[in-house]
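Since the structure comes first, as structure tokens, the remarks are kept for the end.
The values are calculated or read from the model by the stated rules, or taken from the named source; none is laboratory data. None of the values given here were measured: they were computed from a predicted structure. As a convention, Cβ positions derive from the backbone with ideal geometry for all residues, glycine included, and neighbour counts pool all protein chains shown. SASA here: full protein model, heavy atoms, side chains in, ligands and nucleic acids out. Shrake-Rupley method; radii C 1.70, N 1.55, O 1.52, S 1.80 Å.
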Amino acid sequence: MVIVWALTNACNLKCIHCAAEAGEPARNELSTEEALSAIDNMAEAGTKHLLIAGGEPLVREDIFTLAEYASKKLSVGINTNGFSLNRSAAQRLKDAGVNQVRISLDGAKSKTHNLIRGKGSFERAVEAIETCVSLGFPDVGIEATISLLNYDEMPDMIKLASDLGVGVFEAGDMAPAGRAKKFAHLCLSREQRGEMLKFLAEIQETIPTLIITSELPHIFIVNKSMQNTCIDPYSKEVSLGCGAGIAGLGLTVDGKIVPCPLGLLTEVGDIRRDKLKDTWANSPLLKKLQSRKVSGKCGRCEYKYACGGCRGAAAMAGDPMGEDPGCWYEPALKR
């Protein structure tokens, strides 16, 4: 259904939490011709939505060419830090057919955000958000990475999101990977992660005009409204919890097909040589993920199919089918 594509490792910022350690282009990044062929490959496989990420995708000179080509075949979104998303660039993306924009914002005030992402980045991000909203993109949202640096600022961040008129506020937490390894002491504890998700679920009830959610599948453990929506037989909404290898895949900067670009980076194919539809049908690891035969407390959890635990976190702990070491919840079914 969804491909998250790290188009380049190049970036115009040096965020302290960046798991990709983005900055300079990676060796062996896909050329324009290879990227166009990859898009054809995705379309042939029946992919519904392509989310272009990075690094910072707007630093690639061919980004508008790729976005326009892809939008003729499938729905296209873009993840950006907003630093280069001036009105001209935003208009070109809209004209190219991009229908979803996610802009990173890690603080309600410049001091917090700029500490994490760099001088002047807060002002540029807010301006980019305002521009995209004014241009009428169908889906404009904010993505926030939560750490101890901005944990207490979440209420103000959500208020800012609402004031800016975006449709979505999505929060994830900082993982001790890549550049963030040096700042592991700033990562949330399991308990804080649980409290963050409970807070998001509670505040959602007070701001119906804003979708408040998380990239963490555990949001379904605490959000009863989301659970009820998904089990309603008349609802068109559905959730599979962690969708790594089940609802979507990741594509790395050098064309490797992986179950999830945020942690489960085990190669299951190569877009340069493999048909995506064949990889999807035949990969042993994808078949395992799709079976949902997870172990540990994830395997005995009553929310196994609503959440499933983060498979990326489990993989970083040593076993992609193991329990999620970052989950605070204790299943009702004890050992």
For segment 272-287, Karplus couplings with θ = phi - 60° (6.51, -1.76, 1.60), whole Hz, Gly/Pro x: 6, 10, 9, 6, 4, 5, 6, 4, 4, 7, 10, 5, x, 5, 5, 4
Mean separation of Cα contacts under 8 Å (6+ apart) over length of the chain, as relative contact order %: 16
DSSP bridge pairs, segment 145-286: antiparallel proportion in percent, nearest 5: 35
Approximate spin-label separation Arg292-Lys181, in nm, with each point projected 7 Å along Cα-to-Cβ: 3.5
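Taking every DSSP beta bridge that has both residues in the chain, what percent is antiparallel when rounded to the nearest 5?
On the way: 4 of 38 bridges.
Of all bridge pairs located within the chain, approximately 10 percent are antiparallel.
Per residue and in Å³, how big is the convex hull formed by the alpha-carbon atoms of segment 38-94?
Details: hull volume 4.2 nm³, N = 57.
That works out to 74 Å³ per residue.
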Where the chain is the region considered: accessible area per residue in Å², 1.4 Å probe: 46
Note, ³J(HN,Hα) from phi for segment 313-328, Karplus 6.51, -1.76, 1.60, rounded to Hz, x at Gly and Pro: 5, 5, 5, 5, 8, x, 8, x, 9, x, 6, 7, x, x, 8, 8
Accessible surface, 1.4 Å probe, highest first, among residues Glu153, Glu61, Glu143: Glu61, Glu143, Glu153
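Could you give me D for the chain, from Stokes-Einstein at 10 °C and 1.306 mPa s, where the hydrodynamic radius is the Kirkwood radius over C-alpha pairs? Units µm² s⁻¹, please.
Values: Rh = 20.3 Å.
In µm²/s, the coefficient rounds to 78.
Quick one: putting +1 on the C-beta of Lys and Arg, -1 on the C-beta of Asp and Glu, what dipole do you get for the chain around its Cα centre, in Debye to the nearest 20? Could the numbers behind the result be given before it?
Numbers: 39 positive and 41 negative charges, 156 e Å.
Rounded to the nearest 20 debye, it is 740 debye.
Counting residues in segment 127-197 as N, plug N into 2.2 N^0.38 Å and put the Cα Rg over that result.
Working: Rg = 14.1 Å, N = 71, 2.2 N^0.38 = 11.1 Å.
Working it through for segment 127-197, the quotient is 1.27.
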Evaluated at q = 0.12 Å⁻¹: base-10 log I(q)/I(0), Debye formula over Cα of segment 260-317: -0.34
Percent accessible area from carbon and sulfur atoms, the chain, protein chains only, probe 1.4 Å: 52
Karplus-derived HN-Hα couplings along segment 138-152 (A = 6.51, B = -1.76, C = 1.60, θ = phi - 60°), whole Hz, x at Gly and Pro: x, 9, 10, x, 10, 10, 10, 9, 9, 9, 5, 6, 9, 4, 6
Listed residue (Leu50, Gly241, Leu66) projecting farthest to the positive dipole end of the chain, Cβ model: Gly241
Potential lengthening between Ser84 and Ala332 on full extension [0.36 nm per residue; Cα-Cα distance subtracted]: 84.5 nm
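For Val4, Val258, give the ranking by accessible area with the largest first, probe 1.4 Å. Please report the intermediate quantities before stating the final value.
On the way: Val4 40, Val258 0 Å².
Sorted by accessible area, descending: Val4, Val258.
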Entries of Lys181/Lys256; Lys48/Lys181; Lys48/Lys109; Lys72/Lys111; Lys14/Lys293; Lys111/Lys297 with Cα pairs more than 29 Å apart: Lys48/Lys181; Lys48/Lys109; Lys72/Lys111; Lys14/Lys293; Lys111/Lys297
Segment 219-335 - percent relative contact order, Cα under 8 Å, separation 6 or more: 23
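Would you mind counting up the charge near Val222? Only other residues with Cβ under 10 Å from its Cβ, with Lys and Arg at +1 and Asp and Glu at -1. Working shown, then result.
Values: positive: Lys198, Lys224; negative: Glu195, Glu202.
Counting the neighbours of Val222, the net charge comes to 0.
For segment 223-305, just run the numbers: alpha carbon Rg, then divide by 2.2 N^0.38 Å, N being how many residues it has. Mind dumping the intermediate values first?
Working: Rg = 15.0 Å, N = 83, 2.2 N^0.38 = 11.8 Å.
Taking N as the residue count of segment 223-305, the ratio is 1.27.
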Gain in span if fully extended, Asp254 to Glu267, counting 0.36 nm per residue against the direct Cα distance: 3.6 nm
Additional length obtainable on full extension of the chain from Gln91 to Lys14, 0.36 nm per residue less Cα span: 25.1 nm
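Using only the heavy atoms of the protein chains and a 1.4 Å probe, how would Arg27, Arg102, Arg92 rank by accessible area, largest first? Working shown, then result.
On the way: Arg27 215, Arg102 20, Arg92 125 Å².
Largest accessible area first, the list is Arg27, Arg92, Arg102.
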Rg [Å, one decimal], Dmax [Å, integer] - segment 169-275, C-alpha atoms: 16.7, 49
